[in-house]
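The values are calculated or read from the model by the stated rules, or taken from the named source; none is laboratory data. Quick caveat, the model's predicted, so the values are computed rather than measured. Ideal geometry is used to build each Cβ from the backbone, glycine not excepted, and the neighbour counts take in all protein chains shown.
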Amino acid sequence: MTKGPYDLLVIGSGAAGLAVALGLLAQRPHARVAVLSKNDLSEGSTRYAQGGIAAVLDAADSTEDHIADTLNAGAGICVPQTVRHVVEHAREAIDWLVDNGVVFDREGPGLHLTREGGHSHRRVVHSADATGKAVQTSLEARLRESKAELFEDHNAIDLIREKLPRGQQGRVVGAYALDRRNGRVHRFPARSVVLATGGASRVYLYSSNPDGSTGDGIAMAWRAGCRVSNMEFSQFHPTCLYHPKAKSFLVTEAVRGEGGLLLRPDGTRFMDEYDVRAELAPRDIVARAIDDVMKRLGCECVYLDISHKPAEFITSHFPTVHAEALKFGIDMTKEPLPVVPAAHYTCGGVLTDLAGRTDVENLYAVGEVAFTGLHGANRMASNSLLECLVLGAGAARDIAAKMDTIAAAPALAPWDETGVTDSDEEVVVAHNWDELRRFMWDYVGIVRSTKRLERAKHRVRLLLEEIAEYYGSFRVTNDLLELRNIAMVADLIIRSALARRESRGLHYTIDFPTLDSVAPPQNTILVPKNFSIRRLT
Ligand SMILES: Cc1cc2nc3c(=O)[nH]c(=O)nc-3n(C[C@H](O)[C@H](O)[C@H](O)COP(=O)(O)OP(=O)(O)OC[C@H]3O[C@@H](n4cnc5c(N)ncnc54)[C@H](O)[C@@H]3O)c2cc1C
């Protein structure tokens, strides 16, 4: 069935997708806008963001300092123009959120600012320890009041490009999406399409992200002919609660900040053997140390113990963590929390310019799906929501300015289901999901080696072949679509990791353990076979 046609199709309803959709409707109230989300509208990483959003609002702070801190975290490969652009538009982004009903914590006449790792000043605007929820709830409410058409439980499968003579492909003209409630595939023709599908951290066995972070937008863009960059830089958070049912619960770094100790299963401390700052070392160092202990001992987790502090201190400082752990029968006032590092943020993604434009005409990518050059080799805390908002506003401006000049999308070919049947082998999909995420964790995780990467490359190639065969034979399901995408993204991560012959930022390999001080620092840009040159501004 064909929906629309639309002026704008937004795939994803987190901070990035909401910023573009609301931004366009504010400039073009009569535009026909569709917003797709794979689950319900609020189920993206945005809702789970805890800390806040970075912005220079304090008189003692400066944009130059925010820029310097971001460049420093990015370990030499941030794109300086992008960093400046995002930082300079931060105040505007916060004002926009406030105008759209987001309530932040206040102090006196202004907003309360906290400080986080890597920031040289207090500059993190927040709404208690649930900033993402405040942003998601308010923007979503605005979207529901608008005339945008919302399609929840719709999993976008692939982008559609206009067919040109001699087999060439032109601009993007829409997308196919699976309605998860009834298994039907619909066509969504649109003048412009925005990928706002979030990151790919679910490619790893342990992740702080919700289930849907399977890199769908990166995989769709790659298949459509877009370049992707810096996929080797996956950020791992050191401490996620380890329990079969606590799927992605993050234990805030403040637990270590307030005296929590990391312990081996036998109760001995280890962080002081890895760094003089012990438990207070930066995120990537703590994550690497935990990974090393787990690999050496073959244990499933380590422990984070703050039970030596008074119970009242723990419950008043960490009410959310305490309540969540109690749900699984763990009382952190009396016993240590079992923790593992977890994939947290995808620094790489679809290459875009400062208006979110990709290599394919009228196709945009905004938010964690995109690579803008802001994060370089390591993302600084609280810069990612900011990127969603600033780049989202820029994309909305560009789309609004061009809208009248773009011809309506042509009629789209129906989804082809000839020769496919319902699968009677769902076990294959479940098994491959598990195998892929496990070998990505073991071979392409926090500490890498060329041998392990080569091993993973071989395994992922086999899986990609098997998945392609399965995809060609059976009707699509949500699990199959996600598996196809995480396998493709895994391949991109492995190729990028093999291409970087040094350790930089989040990419650490024992075969090249230091920075390459000879070759100039570079981003890792991968080019798809069907790439045709279109100059990004
Ligand atoms: C636990 C946690 C804490 C964090 N804390 C912070 C913080 O304090 N500050 C900060 O700046 N950042 C933080 N981050 C990172 C930040 O939350 C994310 O980078 C940001 O929210 C990404 O927003 P997004 O709009 O790009 O994607 P998301 O919010 O992840 O939204 C993705 C959307 O795309 C949809 N989607 C995906 N695939 C498809 C498909 N195939 N078809 C249709 N729809 C699809 C999803 O349904 C969802 O609506 C945190 C992340 C996590 C997980």
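Worth pointing out:
- Residue within the range 323-333 that is crowded, with 23+ Cβ neighbours inside 10 Å and of a type outside the set (Val, Ile, Thr) present: yes
- Annotation note: Cβ proximity below 8 Å between a residue of the range 362-376 that is more than 18 Å from Gly74 (Cβ to Cβ) and a residue that is among the polar types (S, T, N, Q) and more than 12 Å from the ligand (Cβ to nearest atom) (sequence gap 6+ or interchain) occurs for Asn362/Ser192; Leu363/Ser192; Tyr364/Ser192; Tyr364/Thr352; Tyr364/Thr358; Ala365/Thr352; Ala365/Thr358; Val366/Thr352.
- If you go through the range 504-523 and keep only what is under 20 Å from Ala343 (Cα atoms) and in a loop (DSSP other than H, G, I, E, B), you end up with Gly505, Leu506, Tyr508, Ile510.
- Taken together, the criteria place Leu462 among residues that are without any contact (Cβ under 8 Å) to a residue 24 or more places away in the chain, part of a helix (DSSP H, G or I) and of a type in the set (A, V, I, L, M).
- From Ile446, Ile493, residue being surrounded by 14 or more Cβ atoms within 10 Å (Cβ to Cβ) and touching a Ser or Thr at 6+ places or on another chain (Cβ under 8 Å): Ile493
- For Gly74, the criteria (1) in contact with an Asp or Glu (Cβ under 9 Å, 6 or more places away or on another chain); (2) crowded, with 21+ Cβ neighbours inside 10 Å hold in every case but one, which is (1).
- On inspection, Thr352 qualifies as crowded, with 19+ Cβ neighbours inside 10 Å and either modelled with pLDDT of 95 or more or of a type outside the set (Gly, Ala, Ser) (or both).
- Unmet requirement for Ala156, which otherwise passes all of (1) more than 10 Å from the ligand (Cβ to nearest atom); (2) assigned to a strand (DSSP E or B); (3) buried (at least 23 other Cβ atoms within 10 Å of the Cβ): (1)
- Checking each residue in the range 172-206 for being charged (D, E, K, R) and more than 10 Å from the ligand (Cβ to nearest atom) picks out Asp179, Arg181, Arg184, Arg187, Arg191, Arg202.
- Qualifying residue in the range 211-234 (condition: over 30 Å from Ala395 (Cα atoms), in contact with a helix residue (DSSP H, G or I) (Cβ under 8 Å, 6 or more places away or on another chain), of a type in the set (S, T, N, Q) and buried (at least 23 other Cβ atoms within 10 Å of the Cβ)): no
- Matching option when the condition is within 13 Å of the ligand (Cβ to nearest atom) and either in contact with a Cys (Cβ under 8 Å, 6 or more places away or on another chain) or charged (D, E, K, R) (or both), among Ala49, Ala34, Ala15: Ala15
- Flag if His322 is farther than 25 Å from His119 by Cβ, without any contact (Cβ under 8 Å) to a residue 24 or more places away in the chain and not assigned by TED's automatic domain parsing to the domain that holds Arg501: yes
- Qualifying residue in the range 396-408 (condition: more than 16 Å from Ile160 (Cβ to Cβ), acidic (Asp, Glu) and over 28 Å from the mean Cα position of the chain (by Cα)): yes
- Checked against (1) over 30 Å from Ala411 (Cβ atoms); (2) within 20 Å of the chain's Cα centre (by Cα); (3) surrounded by fewer than 18 Cβ atoms within 10 Å (Cβ to Cβ), Ala141 meets all criteria but (2).
Table: residues versus (1) in the same structural domain as Leu25 (by TED's automatic domain parsing); (2) near the ligand (Cβ under 10 Å from one of its atoms).
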position	(1), (2)
Val369	yes, yes
Gly373	yes, no
Ala381	yes, yes
Leu386	yes, yes
Gly392	yes, yes
Ala411	no, no
Asp416	no, no
